[in-house]
Amino acid sequence: MKSLSNWRSVRVLESRLERELRQRHSLGLHGLCIGFFTLGLMWGVSHLQMVMGVDSLALRYLVTLGAGNLGYLAVLHWWMSAAVRLTWKPLLGAIACAVALGATMDHFVPAANSLPQAIKLVRAQLH
């Protein structure tokens with residue numbers, strides 16, 4: 001593959017790939033299927049961890065988002081390997097942020113089992 005030495009060359013490659021994909025595939029349907037697959041995988045991993053008694057939100061977020069990220073990248077790799085190269089860094093950043101959020105909630109609101117529950121507990125303490 002051609003070396004992408006600057007942002008313009010990346011955009012040109014993206015435009016060409018997007019044009020080719022739009023001619024051959026229904027991108028909306030593919031995106032919806034990939035999204036449902038990733039959401040289902042993450043829900044299953046999260047539920048399994050809750051059943052197994054994993055109490056740390058940071059650990060649950062790390063494992064759940066890690067599994068979702070790997071599943072997403074695996075599906076994209078089958079579908080379009082160039083997308084994997086363009087999306088792995090933002091997904092890694094999202095995982096890092098989620099783990100930081102989980103660790104913060106574990107530290108400040110240890111009784112919470114989820115983000116909505118942590119918000120309710122904090123609001124109750126403020127009133």
Of (1) outside any loop (DSSP other than H, G, I, E, B); (2) without any contact (Cβ under 8 Å) to a residue 60 or more places away in the chain, A112 fails just (1)
Cβ-Cβ below 7 Å, separation at least six or inter-chain, first residue in segment 25-48 and of a type outside the set (A, V, I, L, M, F, W, C), second part of a helix (DSSP H, G or I) and surrounded by 11 or more Cβ atoms within 10 Å (Cβ to Cβ): which pairs?
H30/W79; T38/G68; T38/G71; T38/Y72; S46/R60; S46/T64
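Regarding segment 87-107, can at least one residue be identified that is of a type in the set (S, T, Y) and part of a helix (DSSP H, G or I)? Reasoning before the result, please.
Of segment 87-107, the ones of a type in the set (S, T, Y) are 87, 104.
Cutting the leftovers down to part of a helix (DSSP H, G or I) gives us 87, 104.
Scanning segment 87-107, I find at least one residue that is of a type in the set (S, T, Y) and part of a helix (DSSP H, G or I), so the answer is yes.
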Count, please, the residues in segment 34-44 that happen to be over 15 Å from T64 (Cβ atoms) and surrounded by fewer than 13 Cβ atoms within 10 Å (Cβ to Cβ).
2
Can you confirm whether segment 109-127 contains a residue that is modelled with pLDDT under 85 and more than 14 Å from T38 (Cβ to Cβ)?
yes
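The values are calculated or read from the model by the stated rules, or taken from the named source; none is laboratory data. Note that the structure is a prediction, hence the values are computed from the model and not measured. FYI the Cβ positions are ideal-geometry reconstructions off the backbone, even for glycines, and counts take in every protein chain you see.
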